[in-house]
Amino acid sequence: MENRVPSGAFKLCEQMELLEFPDKFLIRSLDSPDQAFSIGRSDGSIDTQIGDSCFGGPSKVSKIYGVVGTIQLLEGTFALIITSRREAGTYLGFPVFLVTSMKFLSCNETLKLSTSQEKKDKSYFMTLLRTVESTPGLYYSYGVDLTLNLQRTFKLTEESARKPLWKRADPRFVWNRNLLEELIECKLDPFIIPLVQGSFQTVQFTLKDAPASITLISRRCTRRLGTRMWRRGANLEGDAANFIETEQLLEVEGFKSSFLLIRGSIPLLWEQIVDLSYKPQLKIINHEDTPKVVERHFHDLTQRYGEVMVVDLTDEHGDEGQLSMAFAAEVQKLPHVRYISFDFHHHCGNSNLDNLQLLYDQISEDFKKQGYCFIDSEGEILAEQKGIFRVNCIDCLDRTNVTQSYLARESLNSQLRKIGALSFTECISKFNEIYEKFKTLWVEHGDEISLEYSGTHAMKSDFLRFGRQTLPGLIKDGMTGLSRYYLNNFHDGIRQDAMDLISGHYTVNGNNPSPLHLNRFESFSYLPVASVLLVGGLTLTSFTLNQGGRNAQHLVSSVLWAGLTAGVVAVVKANGRQFCSRPRLCGLL
């Protein structure tokens, strides 16, 4: 087996143009004009046999950067294309791009549906497609498979390395896998680009005259894709919500070193039904297959990563404590899985990030044993990561990101010492400029992951930037919490439906019930009024809280506006529990 980066023998189309004709959309490569295909505007049929006649007289010609795939709805086919992008950095020497805009091409000329209900369904599906168009955090590369971490990439065989990207990609992390089916069937490999949803951040710096870079890439799993409170726990197959593989890649003077971490919702059957409460009650679902669910989840992780160390950051008391105890009871039945409970709020509170040393003292032996992947300048694997830390809180966002950054810092110190960039008594925190870049890297990474799952930036960023909670940070976290409340109750249901539709968890056909019947969407008649009141209250609360430190009167005003917002919430809650009816397009299990 040869350890190597893919040679790039298979080349994807990088420069493309879209030609719009009366009867078809034509997509062709600008690098190789003979590589092209068309999509019929009346029926969505794909044709790879392009004659010269179709190249004359397009009504519009535009540059595009990729074909995301196609989706079939009742009224016809829709093709999703990348209309703009920006370069986010490089991964293993290949450019990585962030999708900044996408557009659905409608491939149906007439409205085939006629009933009033079907027209309402069409309107709702169009809302979902518009939501998909604005999906954040989508990355891709024409030259390297972003779904594979460094260790897996360098262990590819020569044969595997020459396959098209989609054939060697890890299907867990291909966001558009369901949309690619028709392109795959038509053997359009040069146009098939796997997209990864997650985060990609990179910084360059010089350490003791040696140029170096750190890249942070997160890959979000699509098996139980969802939004914060609409997707919790695991399904019967053991797939956990908000499961993310994070890789910290260090490159110094030809050496490459990679450290992997994973996060994911507690893999029990549980939910948090959105009912307009600020913090809905956690509910564990009693099911006879719960032990099998946990076993399936960790069997999959063990097969992929080796021995698993679970770090559970949830509170020891209340609803979180009950969920944590149930989790611990199941995990302790499994071999090759070690469980550590660390009540982040109790140990760290609003005081000091350094209290995470208490956690590190408990896991340091396993941490050093698992190690990291280390590759020399000749491409030889000198060390492999032998296990994985699985970190979770309730959302797997804020506490999780802070804790993972701490572990990543410890690993980075070890890697730099191994390379010789640091002495055995030095650590990265002693180099202020570099350490600030490292912390900013993890703050921005946490924000991007949080936006995808909760719709807001991450909380507890102060812990990363300053090692403690500050008053401005406390106020910011309070407002973020209120924003999450609003989004959970009034926006995330739509986002969840869009994710279920695009990932194939809900199939559109004439036999399935109307999504509006599933969601009782008609009952949202007074949602705009509630939204205006809530947004107004939150905005004024935010404004007055920001002024509160300077003027006591402003602080009193903030309390009054917060009370008004809470009153509106109470009124809406009393009259509108049907806002959050379940199930949506895809059930809990």
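A short reminder: the numbers here are calculations on the coordinates, not readings from a lab. Everything numeric here is computed off the predicted structure, so don't read it as measured data. Here the Cβ positions follow ideal geometry from the backbone for every residue, glycine too, while neighbour counts run over all protein chains shown.
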- prompt: Cα-based Rg (one decimal) and Dmax (whole number) for the range 303-364, in Å?
  reply: 12.9, 39
- prompt: lysines near residue 122 by alpha-carbon distance under 21 Å, same-chain residues fewer than 8 away left out - which ones?
  reply: 103, 112
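Only loop residues by DSSP count here, and only those with at most 13 other Cβ atoms within 10 Å; note down the GluC sites (Glu not before Pro) in the range 247-323 that meet that. The partial results should precede the final answer.
On the way: sites: 247, 251, 253, 271, 288, 295, 307, 316, 320; in loops: 253, 288, 316.
For GluC sites (Glu not before Pro) across the range 247-323 that sit outside H, G, I, E and B with at most 13 neighbouring Cβ atoms in 10 Å, the list reads 253, 288.
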message: Whole-Hz ³J(HN,Hα) for each residue in the range 251-267, computed from phi via Karplus 6.51 cos²θ - 1.76 cosθ + 1.60 with θ = phi - 60°, x for glycine and proline: what do you get?
response: 10, 9, 6, x, 7, 10, 9, 10, 10, 9, 9, 10, 9, x, 4, 4, x
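Give me the Kirkwood hydrodynamic radius of the range 235-301, using the inverse of the mean 1/r over all pairs of distinct Cα atoms, in Å to one decimal.
One over the average 1/r among Cα pairs gives 14.5 Å for the range 235-301.
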query: Plugging the Kirkwood radius over Cα pairs into Stokes-Einstein for the range 374-460, at a temperature of 4 °C and a viscosity of 1.567 mPa s, what D comes out in µm²/s?
result: 88
- request: Find the percent of Cα-Cα distances in the range 98-196 that exceed 21 Å, and round it to a whole number.
  value: 48
- line: Spelling it out for residue 89: with amide H atoms placed in the peptide plane at 1.01 Å from N, the residues 5 or more places away or on another chain with amide H under 5 Å from its amide H are 96
Residues listed by number, the range 186-223, amide nitrogen under 15 Å from residue 451 label point at 7 Å toward C-beta: 197-202, 218
field: 15 Å Cα-Cα reach of residue 120 towards aspartates and glutamates, excluding residues that sit fewer than 8 places from it in its own chain
entry: 75, 522
- request: Scan the range 57-150 for GluC sites (Glu not before Pro) in coil per DSSP, keeping those whose Cβ has at most 16 other Cβ atoms within 10 Å, and list them by number.
  value: 109
query: HN-Hα J couplings of the range 130-140 from phi, Karplus 6.51/-1.76/1.60, θ = phi - 60°, integer Hz, Gly and Pro as x?
result: 5, 5, 4, 4, 9, 4, x, x, 9, 10, 7
message: For the pair residue 45/residue 368, report the inter-label distance in nm, with labels modelled 7 Å from Cα in the Cβ direction.
response: 6.8
Spin-label pair residue 119/residue 378, simplified geometry with 7 Å Cα→Cβ offset, distance in nm: 7.3
- request: Using amide H atoms built 1.01 Å from N in the peptide plane, name the residues 5+ places from residue 175, or on other chains, whose amide H lies under 5 Å from its own.
  value: 195, 196, 197
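Stretched out fully, how many nm does the piece from residue 491 to residue 325 gain, at 0.36 nm a residue minus the Cα gap?
Details: separation 166, 0.36 × 166 = 59.76 nm, distance 3.19 nm.
Computed gain between residue 491 and residue 325 is 56.6 nm.
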- prompt: What is the total of Lys pairs in the range 282-441 with C-alpha atoms under 17 Å apart, excluding same-chain pairs fewer than 8 positions apart?
  reply: 6
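Quick one: length gained pulling residue 213 to residue 288 fully straight, 0.36 nm per residue minus the C-alpha distance? Don't jump to the answer; show the numbers that get you there.
Numbers: separation 75, 0.36 × 75 = 27.00 nm, distance 4.88 nm.
Full extension from residue 213 to residue 288 adds 22.1 nm.
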